[in-house]
Each structure stands twice: as C-alpha cells, then as structure tokens.
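Peer 1: Can you read through this structure? Questions will come right after.
Please treat every number below as a calculation from the coordinates, not as lab data. Since the structure is predicted, the reported quantities are computational estimates derived from the model, not experimental observations. Cβ placement follows ideal geometry from the backbone for every residue including glycine, while neighbour counts extend to all protein chains displayed.
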C-alpha cells in the first residue's frame, strides 16, 4: 500500500471534512432538512441514523452538495461544494447501482470509473490506476467477476461493486448511503472488514444506516435524524454487557433487529422515544 | 460493381456512409445509456428548419442545419436539465415547431421544392457532393474527438449523474457536450438516411451490440462495426435496383441485424449461465 501514502494529501491540523451550519433542504416545497448543524472531523466514523423519510439520506447528499441547500451553508474541507476542487478526497457510495439505459458495463469498468476524480482529462490509465482497481476488486472479493456485466450481479454483489468503486479512488473520506440495506450477511461482514481496514488507516467515514449490524463496533459517533432535525449527536449506540467491553473483537451475536438499540440511544441523549421498528 | 466503385458519385456516397456508420453508433452508445434514445429524433425535427433556412437564405443547407440543430440540442438539454414534468411538453412543442417551420420555410424559399424536402427527410446519399463530404468529414472528426477526449467522463455521467457530480465532473458542461455532439451526428447522417431516420443509426446498432457484449467499450466498438457494415451494406443493396431507397435499406438492414442478434444473444447468454462456478462467491478475507 505504498500507493496510499503518495496518493493521500497531507492533512492540515484542525480542518473539517464536512461542516454544515443551519442546513435546510426543501424539495417540492416540502421541508426535508430544517436547520441542521453537523461537523465531521477527519478520522471520525459517523453513523447517520433515522427512520425512513427522516431526512438522513438527504442530509449526507446535501453534505456533498448533491442536493442544493435552501438555507444555511455546507463546507467540504472548508469550501462550499461549488468551489471544492479536491473531489478525489471523497468516495461516495450511493444507495443503489445505476445501470443507465441498458448498455452493459463490466464490473471492472464500473470500479475503474472510481478513478475519475484522479484521472485528469486525456491522462491515460497507468499502472497506479490499474493497481488501485485490482486492489479494490480484491478487497470486495469480486476479482473473479471483473469481466462480467454488473447487470448480471445480485443486489449484494452490486453493493460491493459500489464500495469497490469508492475504494478504487483511494479517498480520505467515504460517504456511504445505506451500504448495509438489503444485502446478504456475507456482504455485511465483508463490508465490516473493509471498513475496519479503512478505520485503521484513519479514513473518515460517514454512513447512513438504519441498522448497524456488524458495523457497530467501528462507529465512533452516532447522529440521529428525525423530521429533518438532528435529535441525537454523540455516543454511538452500544450494546450492553459482555459486548461493551473495550477492545472486544465484535462478532455481532444479536439478531439484526436488535430492540435494545433504540432504548440505549434514547437514554444516552434524552432524545425521547425512538421507534426503529415498522420499517421496511 | 467495379465500375460503380469508379463512379465519383458512388465514391462520395461510400465515404459518407462510412463516416455515418462510424459516428452515429459511437454517440449513440452514450445516448442510449443516458436514456435519451429519442434525442436524435428531436434534433432531426429541429434540423429540418435549419435546412430550410439554408434554402431561404441561399447558404449551404448543411451549415445552417449545423447551427440550428446545435441550438435545438442545447435547448433540449436545458429543458431536460430542469427536470420539470412540463419539460416533456416543451420538447414536443419544439419538435412540431421544427418540422412545421421546416416545411413552411421550404415552401416559401425560392429554390425549395417537395423533392428537395424529401431528399432531406429521407436521405439522398447519391446526391452527396464533395462540399458535403468536407463538412461531413470535419463533423465526423469532431465527433470522434469528443468521444476520445471526454469518453471516460461521459461514461460516468451516462451511468450515474449523481456519481458524476460526487466525482467533481462538470455535469452541465458534459451534458451539453453530449447534446451538441448528437446534433453534429444528426447533420452528418441526414444526407445518408434522412432526418426522419437519423436516430435509427444512433440507436439500432447499439441495441444490437448490447445483446452480444458484456462491457461498455466492447458495446461501443461492436456498435460502430455494425454501423459501418449496415451503412455500406444498405448502400450496396440500393445499387441492385434504382427502386431501392438507400436510407430505408440501411435502416431495415440494421433492424434485421438486431433481430438476429436478439436470437443469438439469448442463446449465448443461456450458455453462459451454465458455466460452472461463475456464481460462487470468492473467498472473503476473514480478519481486517
């Protein structure tokens, strides 16, 4: 991974990865975010949680400038999205793989497109690009399927392609929109392993989830969004007892729909009763 | 046949067919991926007004068609980018305006006639002049240059616009690049297959190719090959009898190829699924 060292810019002390103040988003005259303050510092691993329709997905997309704010402001490494230039620092993992109008694309082609922010126009694909793509495919266990059309993959495998695409760009900061939604247990575990590696490398991660599953021990901060406002920002939801021991290598023993999570969160921040149930 | 190949008008027609066969599917691959298959039709309608303007003002119709269709393409892209539901209607209005305006202007133009109008609507490859070839050649170079220079970015844009934004790509600029390139392709193709069938050469070779390929690059390469084969093949077919219109022959040949590929593709794919071990997940790293 000598590549990583040369490809990652030096970090300025005290800089913020994301900084939103009073962020408001209105879509079709409906307020989705109603004044959100959120600052994410380099190295943090933030889980943005909330029920469907709470605005959590809108929040992370607004952080990236993908959805324009109707009020307040948001900064990416200290700059408004429109004036941000170092997009290679950001690896975005959208909720679903878009396959466009049906023209096939191979797994390798899609993963290689994650290099785009590092490949200036007319710059030919070089050995570093190819190595990054090969590493990313390896990390998500899709090397053997590199030549297959992404359209032929299962949902979980497509999710891995999206993660590999972000990995291929070797960014500082990952923004993942529900990377665990609707994926099989094996992919969840693989995602947890991949994230653990990124956390060890000191990468910043902001991920949207409504259940953390095996990602839980990696999270350093939990942000709960409800009705377009942040109702909890602080300690991540932690299971109690044996599992909460510091340094405990966590293999999640609970069922995915752990009822305790909401309670713990609510108690931690006095955010009132949270209902995580009744979601798709 | 050899004699025909020596005839200057046929040589020009052959060059035109080659350039169209190469360019239209190249741009078409991006357009199909972007779910804009009918963009070419829209621009084709608008281009008719451009052609008629040429006759009215006594300038080269190919040049006025370039100007008007580029303007039309930019207008279409601006409407599309706003993403309003009323955009659909706005586009329809633009298309009707293009055809009606073209027919009207052609009617009042001093040199205009129904025969001329038809030659642009349905193509008249045999009447391609050396001037036409210069313009078509220059446009073809521009189109291929765009694909080479912006191809990688256009791939990301057409695959997932939001991803393109999150990668810092100039989405608005690239969208205009696609629209303008499509407009240039329409003008290249209008002499060969006619404005009403222009879009067929952008879409059918791509639809055919994607039945047989696994990747984006491969689809584009095969589509360009198919484009050249059907354009030249259709032209040759039209030499069999003066009653065979080349434009229609090219498009029907392309459609025939599509039906064939549909059958072959199904067969090939069934074979692939049976390959053992393809769906077995690769081993996962256990510890980080």
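Peer 1: By how many degrees, between 0 and 90 and to the nearest 10, does the Cα long axis of helix B:246-273 differ from the longest principal axis of chain B?
Peer 2: Value to nearest ten degrees: 10.
Peer 1: Same structure, new question: Using only Cα atoms and rounding to the nearest 10 degrees, what angle (0 to 90) does helix B:86-108 make with the longest principal axis of chain B?
Peer 2: Its long axis makes an angle of about 20 degrees.
Peer 1: Roughly what would the spin-label model give for residue A:144 and residue A:130, points 7 Å off Cα along C-beta, in nm?
Peer 2: Simple spin-label model gives 2.4 nm for this pair.
Peer 1: Could you give the nm distance between label points at residue B:63 and residue B:260, where each point is 7 Å from its Cα heading toward the beta carbon?
Peer 2: 4.2 nm
Peer 1: Now for a different question. Convex hull volume of the Cα atoms in region A:181-239, per residue, in Å³?
Peer 2: 92 Å³
Peer 1: Still on this structure: Would you mind telling me the antiparallel percentage of the DSSP bridges in region A:13-269, rounded to 5?
Peer 2: Bridges in region A:13-269 are about 55 percent antiparallel.
Peer 1: If you don't mind, another one. Say each of residue A:73 and residue B:100 gets a label point 7 Å from the Cα, pointing the same way as Cα to Cβ; how far apart are those two points in nm?
Peer 2: 4.9 nm
Peer 1: For chain B, what is the calculated [θ] at 222 nm in deg cm²/dmol (nearest 500), taking -39500 (n - 2.57) for each run of four or more DSSP H residues and dividing by its residue count?
Peer 2: -26500 deg cm²/dmol
Peer 1: Give me B:30, B:122 ranked fewest to most by other Cβ atoms within 10 Å of their Cβ, as a rough exposure proxy.
Peer 2: B:122, B:30
Peer 1: Follow-up question, since we're still on this one. Helix B:39-57 versus the longest principal axis of chain B: what angle, 0 to 90°, nearest 10, using Cα atoms?
Peer 2: Once rounded, the angle reads 20 degrees.
Peer 1: So what is the relative contact order for region B:32-162, in percent, with contacts set as C-alpha pairs under 8 Å and at least six apart?
Peer 2: Over region B:32-162, the number comes to 31 percent.
Peer 1: Could you pull the Cα extents of region B:107-243 along its three principal axes, largest to smallest, in whole Å?
Peer 2: Taking max minus min along each principal axis of the Cα atoms, region B:107-243 gives 52, 38, 23 Å.
Peer 1: Return a whole-number percent for the relative contact order of chain B, with Cα pairs under 8 Å and 6 or more residues apart as the contact set.
Peer 2: Relative contact order comes out at 30 percent.
Peer 1: What FRET efficiency, computed as 1/(1 + (r/R0)^6) with R0 = 22 Å and r the Cβ-Cβ distance, is obtained for residue B:130 and residue B:221, rounded to the nearest 0.05?
Peer 2: Rounded to the nearest 0.05, the efficiency is 0.15.
Peer 1: Can you work out the base-10 log of I(q)/I(0) for region A:13-269 at q = 0.08, 0.18 1/Å, using the Debye formula on its C-alpha atoms alone?
Peer 2: The computed values of log10 I(q)/I(0) come out as -0.32, -1.51.
Peer 1: Rounded, prolate or oblate, given the Cα gyration tensor of region B:5-84, with a/c below 1.5 counting as rounded?
Peer 2: Since a/c reaches 1.5 but b/c is at least a/b, the shape of region B:5-84 is classed as oblate.
Peer 1: Express in nm, to one decimal, how much length is gained between residue B:6 and residue B:82 on full extension, taking 0.36 nm for each residue of separation and deducting their alpha carbon distance.
Peer 2: 22.2 nm
Peer 1: Per the Cauchy relation, a quarter of the hull surface: what is the mean projected area of the convex hull of the alpha carbons in the protein assembly as shown, in nm²?
Peer 2: So the mean shadow area of the Cα hull is 29.6 nm².
Peer 1: Against the empirical 2.2 N^0.38 Å scaling, what ratio does the C-alpha Rg of region B:1-134 come to?
Peer 2: Cα Rg divided by the expected 2.2 N^0.38 Å: 1.18.
Peer 1: Moving to a separate point now. Let me make sure I get this right: for region A:29-98, a, b and c are the square roots of the gyration tensor eigenvalues over alpha carbons, sorted descending. Under 1.5 in a/c it's rounded, otherwise prolate if a/b > b/c, else oblate. Which is it?
Peer 2: Because its axes are fairly even, with a/c under 1.5, region A:29-98 counts as rounded.
Peer 1: Also, I was wondering about something else. Sorted by average packing, counted as other Cβ atoms within 10 angstrom per residue and highest first, what order do A:79-86, A:136-143 take?
Peer 2: Packing order, densest peptide first, comes out as A:136-143, A:79-86.
Peer 1: Output the relative contact order of region A:30-112, whole-number percent, from Cα pairs under 8 angstrom with separation of 6+ residues.
Peer 2: 17 percent
Peer 1: So for the protein assembly as shown: antiparallel DSSP bridges make up what percent, rounded to the nearest 5?
Peer 2: 55 percent
Peer 1: Can you pull the percent of Cα pairs in region B:2-268 with separation above 32 Å?
Peer 2: In whole percent, the share of Cα-Cα pairs in region B:2-268 beyond 32 Å is 21.
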